[in-house]
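J.: Questions regarding the structure given below will be posed in turn.
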Amino acid sequence: MKRIFTFVLTIAAALCLAACAVPTGGDSSRKNGLGCAFSAAVSITLDRLEAEGEIKRYGEGVWEIEFSEPNTLSGVKLEFSEGNVLASYKGLSFSVPQSAVPVKAMMLNLIKAVEDNARLAELSGEESGGMLKISGSLDGGDYTLSVDKDGLLSGFEMPNNKLTMRFSEMKTAETAIEQRTSVTSAETAEAVETTAADTTSSEQ
């Protein structure tokens with residue numbers, strides 16, 4: 001009887017440990033990378049508008065986006081700083097074109113959502129497909145921010161506004177420094193090899 005009781009307890013304990021070991025896919029947290037300066041390719045769907053371009057964050061509240069598509073927006077750059085928005089095309093400044101007004105409004109929502117969350121010590125949300133989904137609400141509606149394993153911006157959605165933004169080719173200031181360092185190291189190594197080869201040739 002004691003053996004049976006011990007066996008049952010062992011099985012129950014094993015099942016309990018196995019259940020605890022299985023990830024539930026619920027709430028989670030990770031480091032906050034939203035405060036980093038970065039540049040990235042961005043793809044935007046806003047109702048019937050499809051747009052692409054490059055987006056940059058220089059610091060708190062200082063952003064810019066330059067469009068490559070569609071043709072009506074290609075080459076247009078919007079710069080955001082301290083609540084002001086400046087539009088330009090090939091260096092010429094002008095008022096925000098009508099075609100860019102909806103995107104301007106959604107960019108302000110994105111900036112507000114990112115800057116609010118960038119102040120947090122860590123990011124909390126729901127795990128989904130390797131991404132952390134962070135939900136929130138703005139005057140413009142509810143939103144979901146997606147960040148990758150490094151806590152960097154990956155997506156932004158506002159379903160009520162039919163808005164979806166996807167970010168790719170993310171490069172932070174740290175990434176740029178690492179790339180410059182590796183290039184410099186390679187150039188230095190090449191220069192040393194060339195010098196050594198020249199020295200050998202002259203000695204012969």
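J.: Taking the condition closer than 16 Å to Ala40 by Cβ and either of a type in the set (D, E, K, R) or surrounded by fewer than 19 Cβ atoms within 10 Å (Cβ to Cβ) (or both), does Gly155 pass?
T.: So Gly155 passes the test.
J.: Okay, moving on. So which residues in the stretch 156-177 are assigned to a strand (DSSP E or B) and modelled with pLDDT under 95, if there are any at all?
T.: The one that is assigned to a strand (DSSP E or B) and modelled with pLDDT under 95: Thr172.
J.: Also, quick follow-up: Looking at (1) open to solvent by 30 Å² or more (accessible area, probe 1.4 Å); (2) within 25 Å of Leu49 (Cα to Cα), can you tell me which one Leu110 breaks?
T.: Every listed condition holds for Leu110 apart from (1).
J.: List pairs: first residue in the stretch 49-65 and among the small types (Gly, Ala, Ser), second residue open to solvent by 80 Å² or more (accessible area, probe 1.4 Å) anywhere in the structure, Cβ distance under 9 angstrom, at least six positions apart or on different chains.
T.: These pairs meet every condition: Ala51/Glu69; Gly53/Glu69; Gly61/Glu82.
J.: Ok, one more. Can you name every residue in the stretch 113-134 that is small (Gly, Ala, Ser), more than 16 Å from Ile55 (Cβ to Cβ) and buried (at least 16 other Cβ atoms within 10 Å of the Cβ)?
T.: Listed by number, the list holds a single entry, Gly125.
J.: Still on this structure, I have one more. Got at least one residue in the stretch 86-106 being at pLDDT 95 or above, of a type in the set (Val, Ile, Thr) and open to solvent by less than 30 Å² (accessible area, probe 1.4 Å)?
T.: no
J.: Scanning for something closer than 30 Å to Ala121 by Cβ and at pLDDT 85 or above, does the stretch 67-74 turn up at least one residue?
T.: no
J.: So, one more: Among the residues of the stretch 138-163, what is the count of those that are of a type in the set (Asp, Glu) and closer than 16 Å to Lys112 by Cα?
T.: Result for the stretch 138-163: 3.
J.: Looking at Glu193, is it charged (D, E, K, R) and at pLDDT below 90?
T.: Criteria met by Glu193.
J.: Now a separate question. Within the stretch 63-78, work out how many residues are farther than 18 Å from Ala37 by Cβ and of a type in the set (D, E, K, R).
T.: Counting residues in the stretch 63-78 that are farther than 18 Å from Ala37 by Cβ and of a type in the set (D, E, K, R) gives 1.
The values are calculated or read from the model by the stated rules, or taken from the named source; none is laboratory data. What you see is a predicted model; the values in this text were computed from it and never measured. Methodologically, a virtual Cβ is constructed for each residue, glycine included, from the backbone with ideal geometry; neighbour enumeration extends over all protein chains shown. Surface areas here come from the heavy atoms of the whole protein model, side chains and all, with no ligands, DNA or RNA. Shrake-Rupley method; radii C 1.70, N 1.55, O 1.52, S 1.80 Å.
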